[in-house]
Amino acid sequence: MTTTTKGEEEEESEQVVTPWDVSAGADGKIDYTKLVREFGCSEIDENLIERIERCTKTKAHPFLRRGLFFAHRELDEIVSAYEKGEKFYLYTGRGPSSESLHLGHLVPFQFTKWLQDAFKVPLVIQLTDDEKFLWKDLQLEDCRRLARENAKDIAACGFNPETTFIFADASYMCSSFYVNMVKIAKCVTFNQAKGIFGFTGDSNIGQIGFPPVQAAPSFPDCFPHMFGMNKKSLKCLIPCAIDQDPYFRMTRDVSHRIGGYKPALVESRFFPALKGESGKMSASDPTSAIYVTDTAKEIKNKINKHAFSGGGATIEEQRENGANLEVDVPWKWLNFFLEDDEKLKEIGEKYGSGEMLTGEIKQILVDVLTPMVEEHQKRRALVTDEVLDVYFNPTKTPKVFLDLFREYEEKEFGKWEKKKGGGDSENDDLCAALEEKMKLEGATENEEGCAIGAPKSEDWLRIRKERMQRDAPTEGSKSALKKAAKIKAAAEKKAAEKAAKAAARGEAAT
Ligand code: TYM
């Protein structure tokens, strides 16, 4: 059994895992060990989980503790850099092809929300309305509408609107995004794309040209309003299910050639379809999945009638042999969504040994999912168009960075003078003061337009720290405050000089 890409000759027994097709092998299971080997990623081990818990001071999410997010690419490097004080940004996405999300789609978004909170980092979410237009029998206008509808479900997962930017390709595409796309596209031959994605002579040329669209957001300069124009201002971490790996394998292969960092990945197993791992959750078969729009009654009916059971065919058989947890869908779903580790363990033992019956575990699942879905629906109802517009706003200021890096600055270099209130001009003042501070500290390698406060290179932080230690004020935080005031005064002076120069230029011209 080997993993194929779409378009290759497939034997009946082969598992298929591509961004567009996922099906299990002949035994009805996905062989994840084989997938890791063939894709060339690594498994997440206990040590890495412990390091994440230590540096975020947060207990690992159940998805991580239970090995549901099980594979990665250079997540360890992201963690090592974070341990030294370097931040990163998160990037994930959704292809809007249906009115609402199913529970499987919630998996990466819930995990991303946990990562955002634990690491306190910004996040970008791509809605590939273009991808779904190119692959599905849908009008582009429908995909654009679905992108906005799906965004409401995504926002309902609770992402911080100040540090989260959601964008749909057909609306956001801007110059810096396009520049990244063409640079990536030039590095990948058609033969390579065929090998990675299984394109054939029948693929439309929009499909063949699409992978750079999903690759580009791995580079921070696709978002100049958030991260500036420096392709190396921040590293990127991508949470997703392992089906998306081909896109980012390609991205990682070309990263250095276009002058960027390789994006890191943290990848999950698949949340199985209701009718069993070999099936597919499909919008055309509503009984194959539970949707975030389902009612309590629908949830109960679907689970009772359609959830694939590994339990015995009769009560006697179940009591005698217990359930096969390897294939049992209610058990697998509880592993994703039942938070209580102890309770989960107990259910596994009782159901696996035959002490618990299929009807009982199904009822437990109904009791877990119904409030979860209802809670989601309540939160979604609060996501009005105005709320959504905040996530979609492409003019977020570098305020994100001021907040992000303040914590680090305070720890490393003394206190900041914290500005009260909001408003753009205050923000501009702070940005100017920060820029000035960086200049005074000799951080002249700061490229124009680079995200304010973001680390520029591995060396930069070290140089800066050494300078700060050399010039460290001796009177503690009071003098640090004085210094901040001085910095602000210098910034104001500079702004006044700039204004005077501009005025003089204006006079000369007339
Ligand atoms: P899409 O819409 O197919 O899926 C959205 C996200 O959900 C994950 N996913 C699942 N996770 C667990 N169990 C499942 N059964 C399951 N089905 C889907 C997907 O891996 C994905 O993370 N092309 C992408 C959209 C995209 C994207 C990205 C995804 C654009 N940029 C960056 C991840 C990261 C797509 O169509 O996803």
Worksheet entry | Residue selected from the range 99-111 under the condition more than 9 Å from the ligand (Cβ to nearest atom) and not hydrophobic (A, V, I, L, M, F, W, C), by the criterion nearest to the chain's Cα centre (by Cα) | Gln110
Worksheet item: Condition test on Ile52, is it closer than 30 Å to Gln192 by Cα and either in contact (Cβ under 8 Å) with a residue 12 or more places away in the chain or away from the ligand (no atom under 16 Å from the Cβ) (or both)?
Response: no
Worksheet item: Is one or more of the residues making up the range 303-322 buried (at least 18 other Cβ atoms within 10 Å of the Cβ) and under 27 Å from the mean Cα position of the chain (by Cα)?
Response: no
Discussion item. I'd like the full set of residues that are more than 9 Å from the ligand (Cβ to nearest atom), under 26 Å from Leu140 (Cβ atoms) and surrounded by 23 or more Cβ atoms within 10 Å (Cβ to Cβ), limited to the range 216-243.
Written reply: Ala216, Phe219, Cys222, Phe223
Practice prompt. Within the range 251-303, track down each residue that is in contact (Cβ under 8 Å) with a residue 60 or more places away in the chain, assigned to a helix (DSSP H, G or I) and outside the structural domain of Phe197 (by TED's automatic domain parsing).
Written response: Ala296, Ile299, Lys300, Ile303
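Table: residues versus (1) within 11 Å of the ligand (Cβ to nearest atom); (2) of a type in the set (Phe, Trp, Tyr); (3) surrounded by 20 or more Cβ atoms within 10 Å (Cβ to Cβ).
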position	(1), (2), (3)
Thr251	yes, no, yes
Arg257	no, no, no
Glu267	yes, no, yes
Glu277	yes, no, yes
Ile290	no, no, yes
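So, in the range 103-132, exactly how many residues are basic (Lys, Arg) and part of a helix (DSSP H, G or I)? If you could, list the steps in order and put the result at the bottom.
Within the range 103-132, the subset basic (Lys, Arg) is 113, 120, 132.
In the following step, the residues that additionally are part of a helix (DSSP H, G or I) were identified as 113, 132.
Of the residues in the range 103-132, 2 are basic (Lys, Arg) and part of a helix (DSSP H, G or I).
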Discussion item. For the list (1) over 29 Å from Trp114 (Cβ atoms); (2) modelled with pLDDT under 95, I need the number of the one condition that Pro161 fails.
Written reply: (1)
Worksheet item: Taking Ser100, is it part of a loop (DSSP other than H, G, I, E, B), surrounded by fewer than 20 Cβ atoms within 10 Å (Cβ to Cβ) and among the polar types (S, T, N, Q)?
Response: yes
Response to the item:
Among residues of the range 55-69 being over 15 Å from the mean Cα position of the chain (by Cα) and within 16 Å of the ligand (Cβ to nearest atom), the residue nearest to Ala155 (Cα to Cα) is Pro62
Item to complete: Could you figure out which of (1) in a strand (DSSP E or B); (2) within 13 Å of the ligand (Cβ to nearest atom) isn't true of His72?
Response: (2)
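Checking the condition of a type in the set (Lys, Arg) and either within 15 Å of the ligand (Cβ to nearest atom) or crowded, with 20+ Cβ neighbours inside 10 Å (or both), which residue from Lys136, Lys84 passes? Before you say what the answer is, go through the steps one by one.
On the way: Lys84 fails: either within 15 Å of the ligand (Cβ to nearest atom) or crowded, with 20+ Cβ neighbours inside 10 Å (or both).
Result: Lys136 is the single residue among Lys136, Lys84 that is of a type in the set (Lys, Arg) and either within 15 Å of the ligand (Cβ to nearest atom) or crowded, with 20+ Cβ neighbours inside 10 Å (or both).
The values are calculated or read from the model by the stated rules, or taken from the named source; none is laboratory data. Please read all numbers here as calculations on a predicted model, not as lab measurements. With ideal geometry, Cβ positions are generated from the backbone for all residues, glycine too; neighbour counts draw on all protein chains shown.
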